[in-house]
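The values are calculated or read from the model by the stated rules, or taken from the named source; none is laboratory data. A quick note: this is a predicted structure, and the numbers were derived from the prediction, not measured. Every residue, glycine among them, receives a Cβ derived from its backbone with ideal geometry; neighbour counts consider all protein chains shown. For accessibility, only protein heavy atoms count, side chains too; no ligands or nucleic acids. Shrake-Rupley method; radii C 1.70, N 1.55, O 1.52, S 1.80 Å.
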Amino acid sequence: MLLIPAILTNDIEVYKQEVEMVVKSGKYERIQVDFVDKGFDNQTIPVIVTYPPDYKQLKFDAHLMITAENIENDVSEARRLGFERIIAQ
């Protein structure tokens, strides 16, 4: 069984702390970052702010809980930044 920790926050400092905690644990090979836009009654930090290129030991998945109008842009951005998997809600 593969356990994949997920991060859902609208605070960039909390995001960084949680990624660092996952990295330091050494227990995981990938992490899921959840992105939410205003269409889901919430909003998280933008995709572009979040991908940490210095964490090469982890594979990153983007979970996009976004409205149809934002999907093309956010998928392109996640792909450009190097997210390995992009999951659309």
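Is there any pair linking a residue in the stretch 54-80 that is open to solvent by less than 90 Å² (accessible area, probe 1.4 Å) to one that is part of a strand (DSSP E or B) and among the aromatic types (Phe, Trp, Tyr), with Cβ under 6 Å and at least six apart or on different chains, and which?
Note: pairs meeting the criteria are Leu64/Phe35.
Of all residues in the stretch 7-17, how many are open to solvent by less than 60 Å² (accessible area, probe 1.4 Å) and either out of contact with any Ser or Thr (no Cβ under 7 Å at 6 or more places or on another chain) or among the aliphatic types (A, V, I, L, M) (or both)?
Qualifying residue count, the stretch 7-17: 3.
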